[in-house]
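Let me begin by presenting the structure, written as structure tokens, before commenting on it.
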Amino acid sequence: RTLHIFPQTPSTNDDAKALALQGAPEGTVVLAEEQLQGRGRQGRSFASPPGVGVYLSLLLRPTVDPSRLPQLTLVVGVAVAEALVEITSLDVRLKWPNDVEVHGKKVAGILTEGVIRPDRPAVVIVGIGINVNTTLAQFPEDLQARVTSLALAAGHRFDRPLLIASLLGHLETYYHMFQDLGMAPILQ
């Protein structure tokens, strides 16, 4: 797949959306070392300090009925949780609808945004932010009681490229499962 890596960007979702409008193929990934305007649901900001997290957006062109597209957030949540468990062995939980938690604190967030036009097939941009090696001081003060990082939870740092590789593998597996078999095996 095509992978675009930036040292810094306002938003990987915005970059992926622009690439989608230029005809980029499904599976295109945008990855940044830092986001200046990372965001979550309902316009909330997502802290994305440089060099410590995974800030990634994936361009999808699903062929399922458009009414099923909202299910993609849960599909991605399961893929993220599986990748985190594989790499960290931490007790990872999903918090509906788009948060991934460790020890009851947010460690990752998912933002799915549709680009739906009547004259073209649907495009979905899936943004994933994971607090990997983020220290408590790198989070905004008002979030420090509610968030964590994999390193804070486990007591040691993690290899981000290894985590990204695992994440992309799980995303591909669960995305194909969703398209071919529906939600039943993913909910299981």
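The values are calculated or read from the model by the stated rules, or taken from the named source; none is laboratory data. Since the model is a prediction, treat every value here as computed from it, not as a measurement. Positions of Cβ are generated from backbone atoms using ideal geometry, with glycine treated the same way; all protein chains shown enter the neighbour counts. Protein only, heavy atoms only, side chains kept; ligands, DNA and RNA dropped before computing areas. Shrake-Rupley method; radii C 1.70, N 1.55, O 1.52, S 1.80 Å.
With the structure loaded, tell me whether Ala81 is more than 13 Å from the chain's Cα centre (by Cα) and open to solvent by 10 Å² or more (accessible area, probe 1.4 Å) or whether it fails that test.
Numbers: more than 13 Å from the chain's Cα centre (by Cα): no; open to solvent by 10 Å² or more (accessible area, probe 1.4 Å): yes.
Taking the combined requirement at face value, the residue does not satisfy it.
Restricting attention to helices (runs of 4 or more DSSP H) lying wholly within region 102-188, give those where 2 or more residues are within 13 Å of the chain's Cα centre (by Cα). Write out each step before concluding.
Details: elements: 150-154, 160-181, 184-187.
Passing ranges, in order: 160-181.
Residue check: is Thr148 of a type in the set (S, T, N, Q) and loosely packed, with under 14 Cβ neighbours inside 10 Å? Walk me through it before giving the result.
Values: of a type in the set (S, T, N, Q): yes; loosely packed, with under 14 Cβ neighbours inside 10 Å: no.
When the stated conditions are applied, Thr148 does not pass them.
Within the set of pairs 6+ apart or on separate chains, which have a first residue in region 1-20 that is among the hydroxyl-bearing types (Ser, Thr, Tyr), a second that is part of a helix (DSSP H, G or I), and C-beta atoms under 9 Å apart?
Filtered contacts from region 1-20: Thr2/Leu19; Thr9/Asp15; Ser11/Lys17.
So Thr112 fits all but one of (1) among the hydroxyl-bearing types (Ser, Thr, Tyr); (2) open to solvent by 20 Å² or more (accessible area, probe 1.4 Å); (3) modelled with pLDDT of 95 or more; what number is the exception?
Against the list (1) among the hydroxyl-bearing types (Ser, Thr, Tyr); (2) open to solvent by 20 Å² or more (accessible area, probe 1.4 Å); (3) modelled with pLDDT of 95 or more, Thr112 comes up short only on (3).
Just to be sure, is Val123 of a type in the set (Val, Ile, Thr) and closer than 14 Å to Gly77 by Cα? Spell out the reasoning first.
Working: of a type in the set (Val, Ile, Thr): yes; closer than 14 Å to Gly77 by Cα: no.
For Val123, the condition - of a type in the set (Val, Ile, Thr) and closer than 14 Å to Gly77 by Cα - is not met.
Out of the residues in region 132-166 meeting the condition of being more than 17 Å from Ser89 (Cα to Cα) and of a type in the set (A, V, I, L, M), tell me which one is modelled with the lowest pLDDT.
Per the criteria, the residue is Leu143.
Go through Pro62, Pro97, Pro50 for me and flag whichever is assigned to a loop (DSSP other than H, G, I, E, B) and either open to solvent by 50 Å² or more (accessible area, probe 1.4 Å) or at positive phi (or both). Before you say what the answer is, go through the steps one by one.
On the way: Pro62 fails: either open to solvent by 50 Å² or more (accessible area, probe 1.4 Å) or at positive phi (or both); Pro97 fails: either open to solvent by 50 Å² or more (accessible area, probe 1.4 Å) or at positive phi (or both).
None of the other options fit; the residue is Pro50.
Are any of the residues in region 179-186 under 24 Å from Val75 (Cβ atoms) and touching a His at 6+ places or on another chain (Cβ under 8 Å)?
Filtering region 179-186 down to residues under 24 Å from Val75 (Cβ atoms) leaves 179-186.
After this cut, where a residue has to be touching a His at 6+ places or on another chain (Cβ under 8 Å) as well, the list is none.
Checking region 179-186: not a single residue is under 24 Å from Val75 (Cβ atoms) and touching a His at 6+ places or on another chain (Cβ under 8 Å).
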